[in-house]
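Q: My structure is below; once you've seen it, I'll send some questions.
The values are calculated or read from the model by the stated rules, or taken from the named source; none is laboratory data. Just so we're clear, the structure is a prediction, and the values are computed from it rather than from any experiment. Quick reminder, even Gly has a Cβ in these numbers, built from the backbone with ideal geometry, and neighbours come from all protein chains shown.
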Amino acid sequence: MRKSILTLIAAASLAFGGAVHCQEQRTPSRSKPNEVVIDFHMHIPYHLIAKTLVSAKEKGLDALVFTDYNSADKFDRIAENKDPDGKQILPRYWDIRKVSNRLLKVSFPQGELYLPRGEEIRVTQPRKGDILVCGTEKSIAGGMDAKTTFQEVYSQGGIGGFAHLCAPLFYGLGEEVFLDVMKTFNPRQFPLFLEKNAQVPERNFDYNSQVEELARKHNVALVGDSDAHGNYLWEYQQVGVKYHSVIEGISPSDNLIEDLSKTFRNSPQSIRIKGNYNHIFRNAAWNAVSTMKNFGPKVKSTLEGLRQGKK
């Protein structure tokens with residue numbers, strides 16, 4: 001019964017959300033010689049990584065950051081071209097070059113993409129919430145406090161930011177935590193960013209507008225991210241359609257991490273956000289499918305998020 005109800009919700013939501021989606025603007029963000037088009041936040045299963053890279057490149061992206069929860073090991077798996085079960089991730093004729101422990105470059109018939117090491121870290125203090133990481137040397141454990149986590153990110157030469165900061169249901173850490181972290185890590189000295197998240201239905205919630213206001217007020221880098229959960233309803237195809245960032249003044253190169261860090265610190269105004277957000281019914285559809293596949297953990301996470309929002 002539970003599965004049947006969720007299936008009906010998913011089907012109805014997808015039908016309505018898909019109709020809205022077809023009307024959305026899908027103009028590719030083709031990069032110019034002196035800019036980088038990048039999405040810093042996505043959750044893609046191993047068997048869809050190759051399709052995601054092709055789809056993203058066809059939409060004009062130059063770089064993607066895979067952000068598994070509390071692990072950056074996907075970077076190493078792609079570098080070795082073997083998933084945890086020993087299966088091949090990318091076609092053998094694709095070229096995978098390890099620029100460093102922080103950056104990969106993948107070349108394939110449709111073009112090339114840079115893949116910085118990344119993850120989404122769940123911190124526990126001063127409250128539960130998520131931090132995005134890009135360009136570190138290795139995985140950073142979850143469960144620490146926010147400041148300690150950012151300290152570890154920066155000690156590895158990485159870039160750190162707040163995922164869906166003002167959305168408590170999504171484990172946003174909130175304005176108070178952001179301001180406290182910013183006092184310790186001056187954005188002019190440390191690459192710190194906020195995120196406009198495509199999974200926030202802006203017709204229904206003003207979380208993204210709150211984040212935009214904070215970024216303007218404090219002159220902090222603001223990026224756009226799809227936060228695509230690729231295992232559900234072809235969401236991987238939304239990378240490059242939903243929110244992503246166009247960063248002017250730099251080019252795709254082996255110095256990408258350093259160039260991003262410098263841009264975030266010195267010229268956050270050179271970052272433009274393109275794309276659109278998921279309609280609430282499309283959101284409901286993929287979440288319903290996710291719940292069918294992971295009922296216990298999904299319900300627990302949702303209830304925790306609701307409690308978090310009441311604090």
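Q: Tell me, please, whether a residue that is touching a strand residue (DSSP E or B) at 6+ places or on another chain (Cβ under 6 Å), in the same structural domain as Ala167 (by TED's automatic domain parsing) and either modelled with pLDDT of 95 or more or not charged (D, E, K, R) (or both) can be found in segment 83-90.
A: Checking segment 83-90: not a single residue is touching a strand residue (DSSP E or B) at 6+ places or on another chain (Cβ under 6 Å), in the same structural domain as Ala167 (by TED's automatic domain parsing) and either modelled with pLDDT of 95 or more or not charged (D, E, K, R) (or both).
Q: Considering only residues that are closer than 11 Å to Ile38 by Cβ and touching a Phe, Trp or Tyr at 6+ places or on another chain (Cβ under 7 Å), which ones fall in segment 48-70?
A: The answer is Asp62, Ala63, Val65.
Q: If you don't mind, there's one more thing I want to ask. With the structure loaded, tell me whether Ser100 is out of contact with any His (no Cβ under 7 Å at 6 or more places or on another chain), surrounded by fewer than 15 Cβ atoms within 10 Å (Cβ to Cβ) and not charged (D, E, K, R) or whether it fails that test.
A: Judged against the criteria, Ser100 is a match.
Q: Please go through segment 185-224 and give me each residue that is of a type in the set (Asp, Glu) and either farther than 24 Å from Ala63 by Cβ or assigned to a loop (DSSP other than H, G, I, E, B) (or both), ordered by number.
A: The answer is Glu202, Asp206, Glu213.
Q: Determine whether segment 238-253 contains at least one residue that is of a type in the set (Gly, Ala, Ser), outside any loop (DSSP other than H, G, I, E, B) and within 23 Å of Phe162 (Cβ to Cβ).
A: Yes, the conditions are met somewhere in segment 238-253.
Q: Based on what the data block shows, is Val200 in contact with a helix residue (DSSP H, G or I) (Cβ under 8 Å, 6 or more places away or on another chain) and of a type in the set (A, V, I, L, M)?
A: It is true that Val200 is in contact with a helix residue (DSSP H, G or I) (Cβ under 8 Å, 6 or more places away or on another chain) and of a type in the set (A, V, I, L, M).
Q: I'd like the full set of residues that are in contact with a strand residue (DSSP E or B) (Cβ under 9 Å, 6 or more places away or on another chain), in contact (Cβ under 8 Å) with a residue 24 or more places away in the chain and among the basic types (Lys, Arg), limited to segment 96-148.
A: Arg102, Lys105, Arg117, Arg122, Lys128, Lys147 - these are the residues of segment 96-148 that are in contact with a strand residue (DSSP E or B) (Cβ under 9 Å, 6 or more places away or on another chain), in contact (Cβ under 8 Å) with a residue 24 or more places away in the chain and among the basic types (Lys, Arg).
Q: Considering only residues that are of a type in the set (Phe, Trp, Tyr) and either touching a helix residue (DSSP H, G or I) at 6+ places or on another chain (Cβ under 9 Å) or without any contact (Cβ under 8 Å) to a residue 60 or more places away in the chain (or both), look in segment 41-88 and name the one that is surrounded by the fewest Cβ atoms within 10 Å (Cβ to Cβ).
A: By that ranking, first place goes to Tyr46.
Q: If you check Phe190 against the conditions, is it touching a helix residue (DSSP H, G or I) at 6+ places or on another chain (Cβ under 7 Å), of a type in the set (Phe, Trp, Tyr), under 21 Å from Ile38 (Cβ atoms) and surrounded by fewer than 23 Cβ atoms within 10 Å (Cβ to Cβ)?
A: yes
Q: Quick check, is Gly118 among the small types (Gly, Ala, Ser), in the same structural domain as Lys74 (by TED's automatic domain parsing) and in contact with a helix residue (DSSP H, G or I) (Cβ under 6 Å, 6 or more places away or on another chain)?
A: no
Q: Right, next: crowded, with 18+ Cβ neighbours inside 10 Å, touching a helix residue (DSSP H, G or I) at 6+ places or on another chain (Cβ under 7 Å), within 20 Å of Gly60 (Cβ to Cβ) and among the hydroxyl-bearing types (Ser, Thr, Tyr): which single residue out of Tyr232, Tyr243, Tyr236, Tyr277 fits that description?
A: From the options Tyr232, Tyr243, Tyr236, Tyr277, the qualifying one is Tyr236.
Q: If I ask for residues that are closer than 17 Å to Met42 by Cα, in contact with a Ser or Thr (Cβ under 9 Å, 6 or more places away or on another chain) and either without any contact (Cβ under 8 Å) to a residue 12 or more places away in the chain or of a type outside the set (Phe, Trp, Tyr) (or both), which ones from segment 197-232 would you list?
A: Asn197, Ala198, Gln199, Leu222, Val223, Gly224, Asp225, Asp227, Ala228, His229, Gly230, Asn231 - these are the residues of segment 197-232 that are closer than 17 Å to Met42 by Cα, in contact with a Ser or Thr (Cβ under 9 Å, 6 or more places away or on another chain) and either without any contact (Cβ under 8 Å) to a residue 12 or more places away in the chain or of a type outside the set (Phe, Trp, Tyr) (or both).
Q: Which numbered condition in (1) in contact (Cβ under 8 Å) with a residue 40 or more places away in the chain; (2) assigned to a strand (DSSP E or B); (3) surrounded by fewer than 19 Cβ atoms within 10 Å (Cβ to Cβ) is the only one that Arg272 fails?
A: For Arg272, the exception is condition (1).
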